[in-house]
1. Kindly indicate whether any position in segment 99-116 is assigned to a helix (DSSP H, G or I), modelled with pLDDT under 85, within 16 Å of residue 46 (Cβ to Cβ) and touching a strand residue (DSSP E or B) at 6+ places or on another chain (Cβ under 8 Å).
2. Restricting attention to segment 74-98, and to residues there that are at pLDDT 90 or above and not in a helix (DSSP H, G or I), which single residue is surrounded by the most Cβ atoms within 10 Å (Cβ to Cβ)?
3. Among the residues of segment 74-91, which ones are without any contact (Cβ under 8 Å) to a residue 40 or more places away in the chain and out of contact with any strand residue (DSSP E or B) (no Cβ under 7 Å at 6 or more places or on another chain)?
4. Here's a check for you: in segment 50-73, which residue that is free of Cβ contacts under 8 Å to residues at least 24 places away in the same chain and within 14 Å of the chain's Cα centre (by Cα) is surrounded by the most Cβ atoms within 10 Å (Cβ to Cβ)?
5. Take segment 52-73 and flag every residue that is over 18 Å from residue 113 (Cβ atoms) and in a strand (DSSP E or B).
6. Identify all residues within segment 1-48 that are assigned to a helix (DSSP H, G or I) and either buried (at least 17 other Cβ atoms within 10 Å of the Cβ) or at pLDDT below 90 (or both); write none if there are none.
């Protein structure tokens, strides 16, 4: 099965200067735990709900004043839509990540592959391996 058959589409991304409070609102509205960050039509980072809690709210910082670029994870790991789901799953397992942006052949983001997407599409044994890998303490 190809990634494009398992991923979900319609992923919104934000600019690096977007306030973290706006990203949190978007997460709540879309019921997601991560928002990709893009600049000049390229993916440059990812802000997760954990990033917001651990990096923006510490030391009494106001999430309305903190920008995405201050808390995002850069060096994004991604997969491509024509890749096999099992290969993407192994990448997620190796990197201990729960979400992968999906790019097309023009390097444009076309979706997101999440642990939940994989749980519905991949063989149970592979899903079990992934869950064990990403749930283990880093």
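The values are calculated or read from the model by the stated rules, or taken from the named source; none is laboratory data. None of the values given here were measured: they were computed from a predicted structure. Cβ sites come from the backbone with ideal geometry, for glycine too, and all protein chains shown count toward neighbours.
1. The answer is yes, given that some residue of segment 99-116 is assigned to a helix (DSSP H, G or I), modelled with pLDDT under 85, within 16 Å of residue 46 (Cβ to Cβ) and touching a strand residue (DSSP E or B) at 6+ places or on another chain (Cβ under 8 Å).
2. By that ranking, first place goes to 79.
3. Initial filter on segment 74-91 (without any contact (Cβ under 8 Å) to a residue 40 or more places away in the chain): 74-75, 77-78, 87, 90-91.
Listed by number, the residues that qualify are 75, 87, 90.
4. The extreme case among them is 51.
5. In the first step, residues of segment 52-73 are kept if they are over 18 Å from residue 113 (Cβ atoms); the result is 52-72.
Scanning segment 52-73 gives a single hit, 67.
6. Of everything in segment 1-48, those that are assigned to a helix (DSSP H, G or I) and either buried (at least 17 other Cβ atoms within 10 Å of the Cβ) or at pLDDT below 90 (or both) turn out to be 3, 4, 6, 20, 23, 24, 27.
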